[in-house]
Amino acid sequence: MTNLSEIKTFSKPLVANLNKLGIHTIQALLLHLPLRYIDETHMTSVRDLRVGEPSQVEGEIVHAEVTYKPRKALIARLEDASGQLTLRFLHFYPSQIAALKVGNKLRVYGEVRSGFFGYEMVHPTCKAVGEKTTVAETLTPVYPTVAGLTQGNLRKAIAIALNLSNISPPLSRGRARVGVESRVSQNSYPHPNLPPETGKELDTSKQNPLAETLPMAVYQPFKFPSFSASLKALHNPSPDADLHGLEEKTTPEWQRLAFDELLAQQLSMRKHYARRRSVDAPQFKQSKRLVSALLKSLPFALTQAQQKVAIEIQSDLTQPHPMQRLLQGDVGSGKTIVACMAALQSIESGWQVALMAPTEILAEQHFRKMIGWLTPLNIKMAWLTGSQSKKDREAAMQIIADGSAQLVIGTHALFQEAVQFKKLGLAIIDEQHRFGVHQRLALRQKGQPEPHQLMMTATPIPRTLSMSYYADLDVSVIDELPPGRTPIVTKLVSDVRRDEILRRVREACAQGNQAYWVCPLIEESEALQLVTANDTYALMQYEFPELKIGLVHGRMKPAEKQAVMAAFSAGETQLLVATTVIEVGVDVPNASLMVIEHAERMGLSQLHQLRGRVGRGAAKSACILLYQNKLSETARARLKVIYESSDGFAIAQADLNLRGPGEYLGTRQSGVPMLKIADLNRDVDLLNAAKNMADRLIKEHPSAVEKHLERWMGRADELVKV
Ligand code: ADP
Ligand code: MG
């Protein structure tokens with residue numbers, strides 16, 4: 001890995017700016033790939049412009065002025081032999097006013113819009129035309145950059161790096177598009193024969209940044225171009241390159257790099273997985289006594305799906321290596337009882353269990369439920385949160401440390417350093433996506449040997465995500481709801497019909513049911529969110545003088561929050577005005593109506609979680625999604641998914657397609673390699689192929705794998721330790 005500062009022609013400020021972009025090596029600079037491309041390889045006459053198309057026009061400025069109404073703007077008109085084009089700048093510098101003086105010859109590049117005076121470009125890039133101005137020979141790449149580093153300098157730096165790496169001419173110009181039809185599906189993916197490792201691969205220190213890392217046979221089923229040819233083509237595409245394919249990342253060159261990236265992710269995750277198999281964990285016996293006693297005491301029988309996942313977990317826990325299993329199940333599918341069974345297996349084998357929830361409300365709910373189930377079995381429990389008194393906490397920490405607390409329930413407070421377990425055998429984490437990798441790690445380190453981990457989530461993780469970002473975990477799915485649930489009716493209602501909705505709330509409460517009113521999500525400002533919640537609360541008190549109304553929001557002290565929730569849970573309040581803090585896990589079976597304001601601002605999975613707060617009892621339940629008028633097409637399409645589907649997985653998949661993976665990964669992002677090139681929707685075939693390839697590569701080509709990880713992850717070793 002050659003350090004950038006070793007390149008003599010790079011100035012110190014250039015290196016500093018590249019460092020700001022996270023680029024420290026030639027390798028990383030070469031993999032700093034364009035965001036998009038602009039086509040400056042030819043000119044378009046004004047007459048031939050088309051709305052929506054980025055174009056380059058050359059002409060003379062015939063008019064320029066700064067206007068102040070309706071707002072300050074610099075407006076100029078550029079004329080060529082065929083007509084005139086308006087240039088509009090909403091913010092600008094004195095240097096730009098000078099550049100746009102009447103009589104100046106300019107070449108402008110931008111997207112064509114239809115304006116009041118015909119064609120216009122807003123904020124085009126402008127270049128003065130001199131005698132020697134030539135037309136670009138390749139499409140011009142546009143890179144992600146930082147202030148102080150111009151596109152021009154970045155391009156030059158990359159060109160130098162490409163030259164230093166002594167690139168050979170591309171093997172094939174590979175103009176064939178890799179269309180879906182030419183791809184091979186998961187099942188028919190031909191396993192290429194990999195040549196054996198020769199031992200020459202071992203020296204990774206002097207790796208040519210453009211050399212192949214893995215045997216070329218890996219790419220053979222896709223007929224991908226070489227790594228160096230791909231980089232060259234992406235940094236300097238020829239004028240006849242497929243601009244659309246380049247932007248969509250569907251050209252063979254992009255696809256080749258996407259595959260490399262997916263391979264790196266798989267390799268890193270699979271290594272992580274393998275590491276786990278080499279670590280010791282407490283080995284539990286099957287429960288003989290406690291689990292069957294619990295099941296006998298329940299008023300219901302487990303569903304098939306619950307039984308299936310319970311067996312998967314039980315058998316993991318009898319292994320001498322730490323379990324890391326993700327238990328997925330839609331809201332209300334009954335994950336808690338499954339977790340409780342795992343806890344009892346651990347306790348019966350003499351090991352302590354920690355159950356961690358992301359909020360105090362949820363932790364307390366678990367605590368109450370567990371007391372009901374476990375006190376008859378003489379299990380000793382402890383309770384640990386940030387808000388309890390010092391005295392209570394010290395008492396709890398005492399019985400955790402001396403081992404007499406068999407099950408400990410709490411919030412983040414559980415993994416603070418001062419909390420010492422005598423013998424932690426199993427850590428259960430509810431709503432795992434709310435926690436970061438580091439928090440989970442901290443809990444894992446509270447046991448010696450490493451405790452087992454059971455992570456639960458009601459946010460279903462789409463298949464492509466669990467195959468990629470979650471490939472280091474084992475996954476169990478509860479894909480069935482307990483019988484006897486009445487389906488929730490979901491309605492999409494415009495805000496102008498608010499009165500009708502208020503009437504429904506009044507009726508529901510008059511019939512002895514309860515309702516939630518969820519305030520709009522205000523992402524930009526928590527303070528504003530609070531104002532909205534308070535306003536809504538006041539408004540509801542005004543509308544419904546006859547009702548007892550509660551208010552819960554994120555800024556409240558935990559004890560206040562708990563009091564409000566307890567009152568709602570006990571039926572003392574009938575209407576609960578809430579922010580999205582009630583999204584996770586709150587269980588009040590008597591609540592049968594939920595109104596969500598500004599539903600269009602929320603993520604689909606979030607809406608699905610919110611909706612899952614009703615429909616938990618016998619009464620027929622409804623969820624009303626209020627939207628502001630003038631819903632955009634995409635917003636309408638999104639909300640349609642929610643009112644047409646009650647299947648959490650389908651909703652999650654749609655959400656992933658519409659909004660990308662950020663929301664699912666939550667804090668998991670930290671320490672987990674994020675994909676920059678590959679797209680899990682577009683590149684699902686590549687993902688399947690990478691998955692099929694990873695284990696074999698690790699076994700048969702370990703040093704090639706190291707090289708590949710070093711190239712793509714930089715910090716591969718650190719990541720594998722996570
Ligand atoms: P979640 O998966 O959302 O955490 P819970 O574990 O809170 O769901 O279960 C929701 C409700 O369903 C609880 O009141 C629980 O006691 C009940 N429940 C769980 N399993 C069953 C079952 N097999 N039959 C009937 N009710 C069940
Ligand atoms: Mg739950």
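A few notes on this one:
- Helix 151-164 vs. the chain, principal-axis angle (Cα, 0 to 90°, nearest 10): 90
- Neighbour-limited loop hits for chymotrypsin sites (Phe, Trp or Tyr not before Pro), the stretch 102-137 (at most 14 other Cβ within 10 Å; DSSP other than H, G, I, E, B): 116, 117
- Charged side chains reduced to their Cβ positions (Lys and Arg at +1, Asp and Glu at -1) give the stretch 53-128 a dipole of some 360 debye around its Cα centre.
- Taking every DSSP bridge with both residues inside the chain, close to 35 percent are antiparallel.
- In sequence order, calculated HN-Hα J values of the stretch 44-54 (Karplus, 6.51, -1.76, 1.60; Hz; x Gly/Pro): 10, 7, 3, 4, 8, 5, 10, 4, x, 9, x
- Size of charge dipole - the stretch 488-645 - debye, nearest 20, with Cβ of Lys, Arg +1 and Asp, Glu -1, no other charges: 380
- Separation of the stretch 67-115 and the stretch 412-429, taken as the distance between their Cα centroids, equals 64 angstrom.
- Think of each Lys and Arg Cβ as +1 and each Asp and Glu Cβ as -1; about the Cα centre, that makes the dipole of the chain roughly 820 debye.
- Hits among lysines - C-alpha to C-alpha of residue 630 under 18 Å, sequence gap 8 or more where chains match: 491, 640
- Placing unit charges on each Cβ (+1 for Lys and Arg, -1 for Asp and Glu) gives the chain a dipole about its Cα centre, and among 338, 29, 82 the Cα reaching farthest toward its positive end belongs to 338.
- Cross-link reach is defined here as a Cα-Cα straight distance under 30 Å, omitting same-chain residues fewer than 8 places apart; for residue 12 the lysines meeting it are 20, 127, 156, 206, 232, 676, 707.
- Think of the chain as having a plus end and a minus end, set by charges on the Cβ of Lys, Arg, Asp and Glu; of 403, 428, 413, 403 sits farthest toward the positive end of this dipole.
- Placing unit charges on each Cβ (+1 for Lys and Arg, -1 for Asp and Glu) gives the stretch 488-645 a dipole about its Cα centre, and among 580, 625, 559 the Cα reaching farthest toward its positive end belongs to 625.
- Taking the chain and dividing mean pair separation by its residue count, relative contact order in percent (alpha carbons under 8 Å, at least six apart): 13
- Rounded accessible area per residue of the chain, 1.4 Å, Å²: 46
- Sequentially through the stretch 268-285, phi angles give Karplus couplings (6.51, -1.76, 1.60; θ = phi - 60°) of 5, 5, 5, 5, 4, 4, 5, 4, 4, 5, 9, 9, 7, 9, x, 9, 8, 7 Hz, Gly and Pro residues having no value and appearing as x.
- Amide hydrogen proximity for residue 594: with H placed 1.01 Å from N in the peptide plane, the residues at 5 or more positions away or on another chain lying under 5 Å are 516, 622, 623, 624.
- Distance from the Cα centroid of the stretch 265-299 to that of the stretch 442-508 is 22 Å (rounded to whole angstrom).
- Amide H contacts of residue 281 (H built 1.01 Å from N, in plane; Pro and chain starts excluded): 321 sit under 5 Å, all sequence-distant by 5 or more or on other chains.
- Within the stretch 39-130, antiparallel bridges make up roughly 90 percent of the DSSP beta bridges whose residues both belong there.
- Solvent-accessible area, 1.4 Å probe, carbon plus sulfur percent, for the stretch 296-450: 52
The values are calculated or read from the model by the stated rules, or taken from the named source; none is laboratory data. Small disclaimer: the values here were computed from a predicted structure and weren't measured. For neighbour counting, all protein chains shown are included, and Cβ atoms are generated from backbone atoms with ideal geometry for every residue, glycine included. With ligands, DNA and RNA removed, areas are computed over all heavy atoms of the protein, side chains included. Shrake-Rupley method; radii C 1.70, N 1.55, O 1.52, S 1.80 Å.
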